[in-house]
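The values are calculated or read from the model by the stated rules, or taken from the named source; none is laboratory data. Quick caveat, the model's predicted, so the values are computed rather than measured. Positions of Cβ are backbone-derived with ideal geometry, glycine not excepted, and every protein chain shown enters the neighbour counts.
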C-alpha cells in the first residue's frame, strides 16, 4: 500500500542566502518534507520498520539545513536526495523551504522554493 509521510512546519535558524549578511546573521526558515512511500505490511502491525521513521527524516533535514548554502534549491535537493537514499521504500520526495522576510526590497512574509525528486 502506498501513502505519504510528512513533517510540516519544521523551524530552523539557518545561514542560507546569496548576500553576505544573510550568511553571517542567518534567518528563520520553515521546512515541509513529504515522502511518498510504499508501506510494508509490518507498518499495519505496529512495526516502525514498515514505514518512514519521522525522527530519522528530521535528522536529515536538520543536518542539511545546518550547511550554509546560497540557494534554497541546493538545500532542498540535498534533503530530497538523502531521503530517497536513506529510505529504500521511498518513491518520491517533496521539500518546501520558506525563508521569512527575504531581502527583496519590499514587504514579503516569506519566499518559498519547492523541490520534487522521484527515485530512479
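Within segment 55-75, residues that are touching a residue at least 40 places away in the same chain (Cβ under 8 Å) sit with their Cβ atoms under 6 Å from residues that are crowded, with 22+ Cβ neighbours inside 10 Å and in a helix (DSSP H, G or I), at 6+ positions apart or across chains, in these pairs: 61/79; 69/75; 75/64.
The set of residues in segment 88-101 being surrounded by 13 or more Cβ atoms within 10 Å (Cβ to Cβ) and without any contact (Cβ under 8 Å) to a residue 60 or more places away in the chain consists of 89, 90, 92. The condition (being over 10 Å from the mean Cα position of the chain (by Cα), surrounded by 12 or more Cβ atoms within 10 Å (Cβ to Cβ) and at pLDDT 95 or above) is satisfied by just one residue among 110, 85, 62: 110.
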